[in-house]
Amino acid sequence: MADDAETTSREDAAFMTSAMLKAYSHPLRRQILRLIARRGFLRAADIAGELDVPANSASFHLRVLAEAGLIEEAPEQARDRRDRVWTGRKGALNVGGPENPVPDEALGGAVVAALAEDHQDLVRRVMAWTPEYVSGRTAEVHASFVQRTIRLTEAEFDDVMHNINDVLSAADAAHDDTDPTGRYWQMDIVVADDTI
């Protein structure tokens, strides 16, 4: 997937179907989606080796992701007609919202819980690395933890979120994939107002 699932309102984001929600709620499938997003395109054997799962399991989960519309074949990357290569779908996904309620509330809740679990894992990794940086034992930047409180209307907040997404999309498009110093950065943006 080019962009991971979001829970914010986005006019230009596609809304997840029940099949997408079900597929995305599985932890191994989310790992596969992140791996495909990092590599651009992969075969089942590549995924099996990278994630240390049986090839038939990787193939099964790829079929589920494809049937849900979360990935698609990339025949231009295939070595021959029998070679099946997969890439992520383009564009952001939205779990649901008032204008487009989630088609299955239980599945929607499972996806939001999965996003929160992934976020907590990211925070744990950042917190484990942070003492190395703040103590000066390393100068390499591997993470950032930013916290800021600002007062905005809901419309202003939506504009900020759209602008952040536009900046991230522009940076992704401008990056030279052949640059050996490039690294993958997982960015979780979590915001909440003072009413929840």
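Pairing each residue of segment 29-41 that is more than 17 Å from T178 (Cα to Cα) and without any contact (Cβ under 8 Å) to a residue 24 or more places away in the chain with any residue that is hydrophobic (A, V, I, L, M, F, W, C) and assigned to a helix (DSSP H, G or I), provided the two are 6+ apart or on different chains, yields C-beta distances under 8 Å for Q31/L51; L35/I47; L35/L51. The residue of segment 108-127 that is surrounded by the fewest Cβ atoms within 10 Å (Cβ to Cβ), among those that are touching a helix residue (DSSP H, G or I) at 6+ places or on another chain (Cβ under 8 Å) and of a type in the set (G, A, S), is A110.
Evaluate the following for D118: is it in contact (Cβ under 8 Å) with a residue 60 or more places away in the chain, charged (D, E, K, R), touching a Ser or Thr at 6+ places or on another chain (Cβ under 6 Å) and within 25 Å of L70 (Cα to Cα)?
Working: in contact (Cβ under 8 Å) with a residue 60 or more places away in the chain: yes; charged (D, E, K, R): yes; touching a Ser or Thr at 6+ places or on another chain (Cβ under 6 Å): no; within 25 Å of L70 (Cα to Cα): yes.
So D118 fails the test.
In the set (1) β-branched (V, I, T); (2) touching a strand residue (DSSP E or B) at 6+ places or on another chain (Cβ under 7 Å); (3) closer than 30 Å to A55 by Cβ, T178 fails one condition alone, (2).
Scanning segment 128-157 for residues that are without any contact (Cβ under 8 Å) to a residue 12 or more places away in the chain and either in contact with a strand residue (DSSP E or B) (Cβ under 6 Å, 6 or more places away or on another chain) or part of a helix (DSSP H, G or I) (or both) turns up A128, P131, E132, Y133, V134, E154, A155, E156.
Looking at segment 37-46 only, could you name the residues that are part of a helix (DSSP H, G or I), out of contact with any Lys or Arg (no Cβ under 9 Å at 6 or more places or on another chain), aliphatic (A, V, I, L, M) and surrounded by 14 or more Cβ atoms within 10 Å (Cβ to Cβ)? Can you show your working first?
Keep residues of segment 37-46 that are part of a helix (DSSP H, G or I), which gives 37-39, 44-46.
Then keep just the ones that are out of contact with any Lys or Arg (no Cβ under 9 Å at 6 or more places or on another chain); that gives 37-39, 45.
From the residues that got through so far, the ones that are aliphatic (A, V, I, L, M) too are 37, 45.
Listed by number, the list holds a single entry, A37.
In segment 58-75, the residues that are without any contact (Cβ under 8 Å) to a residue 60 or more places away in the chain and on the phi > 0 side of the Ramachandran plot form Cβ pairs under 9 Å with partners that are part of a helix (DSSP H, G or I) and buried (at least 16 other Cβ atoms within 10 Å of the Cβ), at six or more places apart or across chains, as follows: G69/A19; G69/M20; G69/A23. Looking across segment 71-84, the residues that are in a loop (DSSP other than H, G, I, E, B) and exposed (fewer than 10 other Cβ atoms within 10 Å of the Cβ) come down to R79, D80, R81, R82. Inspect all residues belonging to segment 161-170 and state whether any of them is charged (D, E, K, R) and in a helix (DSSP H, G or I). Yes, that holds for at least one residue.
Taking segment 85-107 as the range and being touching a Lys or Arg at 6+ places or on another chain (Cβ under 7 Å) and either at pLDDT 90 or above or surrounded by fewer than 17 Cβ atoms within 10 Å (Cβ to Cβ) (or both) as the test, the residues that pass are V85, L107.
For D166, the conditions (1) surrounded by 12 or more Cβ atoms within 10 Å (Cβ to Cβ); (2) within 27 Å of R29 (Cα to Cα); (3) acidic (D, E) are fulfilled apart from (1).
Flag: V123 matches the condition of being part of a helix (DSSP H, G or I) and among the aliphatic types (A, V, I, L, M).
For W185, the conditions (1) under 30 Å from A19 (Cα atoms); (2) assigned to a helix (DSSP H, G or I) are fulfilled apart from (2). Once segment 47-70 is narrowed to residues that are part of a loop (DSSP other than H, G, I, E, B) and crowded, with 17+ Cβ neighbours inside 10 Å, the residue that is nearest to the chain's Cα centre (by Cα) is L70.
The values are calculated or read from the model by the stated rules, or taken from the named source; none is laboratory data. Just so we're clear, the structure is a prediction, and the values are computed from it rather than from any experiment. Virtual Cβ from ideal backbone geometry, glycine too; neighbours counted across all protein chains shown.
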